[in-house]
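Structure, as structure tokens:
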Amino acid sequence: MTVWSVIGSGVAGLAVASELVSRGARVQVFDPNGPPGPHGCSWWAGGMLAPWCEYENAEEPVLRLGQSALDWWAARTRVERRGTLVVANPRDLPDLRRFARRTEGYSEVEQSNIAELEPELHGFTKGLHFKNEAHLDPRQALRDLHKQLVDQGVEFYRKLAPLRLENAIDCRGLHAREVLHDLRGVKGEMLVIRCPDVTLTRPVRLLHPRMPLYIVPRGGGIYMLGATMIESEDSSRITARSMLELLSAAYALNPAFGEAEVLEIGVDLRPAFPDNLPRIRRLGRTIYANGLYRHGYLLAPALAQGVADLALDNNHSEMIDEDRA
């Protein structure tokens, strides 16, 4: 029986392995960094399954393909289906109207509705509620996928993949740039904070002309604040400006965030192609699955399904780069 070798154990690699195994394939995974952890950009993700919100500044495939991610992930890890709340300060209501024009799948909410959804948000008179969206804890999702694959007999090798592998699927993100020359890194910065004095139950997006913020509850008074999108490949540290603006935006949601404890600072590079959409390319004996950009958890299931279609049935999904396949 053919054995498929997945290279990389970030969200793309684990999703591809999971999809292949679900279709009866034999799989092994190579990653010199070992199990999922802070060495990979998947570790620092927000974990929002928000195709309707993301459509505000993304192409149509993100909206369409991302919707299937909710059920795909729910079959493998815990998914919180509480929607997304988008708000703006009164002076920024033109940004809220612009966001509404560029998205769909929402209901308009007034101050009383916002108070019902999130009682601890103050001072917001209008918003948008995307009730069908969801979120997950990305770190727990990675752990769950890894454990499920081990339980299903997948071998994980903490080493570089051998050269000239047959049936290889490369999911290494930016490490594949020596082959995927049009791949670039987009810098993202985020914070993990603890603030037990504030309780939010769903992702909240605060619109701001300069620095839109999202905050995602992790439970136990812990929140992820993110995230910047900077066309830079310097992942060495967060900038003072980014940290100031992230914390200031959180303070604008609720002043109690001013007393929050900063637990972690994350900086990493998201792999992206010029159009910010993922691609599947078959080059020689290797299939390359890459370019998830800021949509790692949202589009990893569709990417994995496209890889499995190509690998097992030689069927081409829309993610196949025909010019290079």
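The values are calculated or read from the model by the stated rules, or taken from the named source; none is laboratory data. What you see is a predicted model; the values in this text were computed from it and never measured. All Cβ positions, glycine included, derive from the backbone under ideal geometry; neighbour counts span all protein chains shown. Only protein heavy atoms, including side chains, enter the accessible area calculation; ligands, DNA and RNA are left aside. Shrake-Rupley method; radii C 1.70, N 1.55, O 1.52, S 1.80 Å.
This table checks each residue for (1) open to solvent by less than 10 Å² (accessible area, probe 1.4 Å); (2) modelled with pLDDT of 95 or more; (3) more than 22 Å from residue 48 (Cα to Cα).
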| position | (1), (2), (3) |
| --- | --- |
| 122 | no, no, yes |
| 128 | yes, yes, no |
| 137 | no, yes, no |
| 148 | no, yes, no |
| 182 | no, yes, yes |
| 189 | yes, no, no |
| 194 | no, yes, no |
| 216 | yes, yes, no |
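Residues satisfying the criterion are present in the stretch 313-320 (criterion: open to solvent by less than 50 Å² (accessible area, probe 1.4 Å), in a loop (DSSP other than H, G, I, E, B) and in contact with a helix residue (DSSP H, G or I) (Cβ under 7 Å, 6 or more places away or on another chain)). Scanning the stretch 150-180 for residues that are in a helix (DSSP H, G or I), open to solvent by less than 40 Å² (accessible area, probe 1.4 Å) and more than 30 Å from residue 204 (Cα to Cα) gives a single hit, 176. Does residue 281 satisfy the criteria of being of a type in the set (Lys, Arg), at pLDDT below 90 and either within 20 Å of the chain's Cα centre (by Cα) or not in a helix (DSSP H, G or I) (or both)? It is false that residue 281 is of a type in the set (Lys, Arg), at pLDDT below 90 and either within 20 Å of the chain's Cα centre (by Cα) or not in a helix (DSSP H, G or I) (or both). For residue 294, the stated conditions hold: it is in contact with a strand residue (DSSP E or B) (Cβ under 7 Å, 6 or more places away or on another chain), in a loop (DSSP other than H, G, I, E, B) and either open to solvent by 20 Å² or more (accessible area, probe 1.4 Å) or among the aromatic types (Phe, Trp, Tyr) (or both).
The rows are residues; the columns are (1) in contact (Cβ under 8 Å) with a residue 12 or more places away in the chain; (2) under 18 Å from the mean Cα position of the chain (by Cα); (3) surrounded by fewer than 20 Cβ atoms within 10 Å (Cβ to Cβ).
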{"position": "36", "(1), (2), (3)": "yes, yes, no"}
{"position": "42", "(1), (2), (3)": "yes, yes, no"}
{"position": "59", "(1), (2), (3)": "yes, yes, yes"}
{"position": "83", "(1), (2), (3)": "yes, yes, no"}
{"position": "115", "(1), (2), (3)": "no, no, yes"}
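Can you name every one of the strands (runs of 3 or more DSSP E) wholly within the stretch 80-144 that holds 2 or more residues which are out of contact with any helix residue (DSSP H, G or I) (no Cβ under 7 Å at 6 or more places or on another chain) and either of a type outside the set (Ser, Thr, Tyr) or over 16 Å from residue 206 (Cβ atoms) (or both)? Please lay out each step first, then the result.
Values: elements: 84-88, 107-110, 126-130.
Once the strands (runs of 3 or more DSSP E) in the stretch 80-144 are filtered for at least 2 residues that are out of contact with any helix residue (DSSP H, G or I) (no Cβ under 7 Å at 6 or more places or on another chain) and either of a type outside the set (Ser, Thr, Tyr) or over 16 Å from residue 206 (Cβ atoms) (or both), what remains is 107-110.
Of the residues in the stretch 201-214, how many are modelled with pLDDT of 80 or more and either surrounded by fewer than 21 Cβ atoms within 10 Å (Cβ to Cβ) or over 18 Å from residue 127 (Cα atoms) (or both)?
As a first pass, look at the stretch 201-214 and keep what is modelled with pLDDT of 80 or more: 201-208, 213-214.
Now narrow it down to the ones that are either surrounded by fewer than 21 Cβ atoms within 10 Å (Cβ to Cβ) or over 18 Å from residue 127 (Cα atoms) (or both): 201, 208.
Of the residues in that region, 2 qualify.
Can you pull out the residues in the stretch 35-68 that are closer than 15 Å to residue 137 by Cβ and in a helix (DSSP H, G or I)? Within the stretch 35-68, 42, 43, 44 meet the criteria.
Quick check on residue 30: is it over 21 Å from residue 311 (Cα atoms) and modelled with pLDDT of 95 or more? Explain how you work it out, then say what you get.
Working: over 21 Å from residue 311 (Cα atoms): no; modelled with pLDDT of 95 or more: yes.
Answer is no for this residue.
Return yes when residue 250 is over 18 Å from the mean Cα position of the chain (by Cα), of a type in the set (A, V, I, L, M), surrounded by fewer than 22 Cβ atoms within 10 Å (Cβ to Cβ) and in a helix (DSSP H, G or I) and no when it is not. Considered against the rule, which asks whether it is over 18 Å from the mean Cα position of the chain (by Cα), of a type in the set (A, V, I, L, M), surrounded by fewer than 22 Cβ atoms within 10 Å (Cβ to Cβ) and in a helix (DSSP H, G or I), residue 250 comes out as no.
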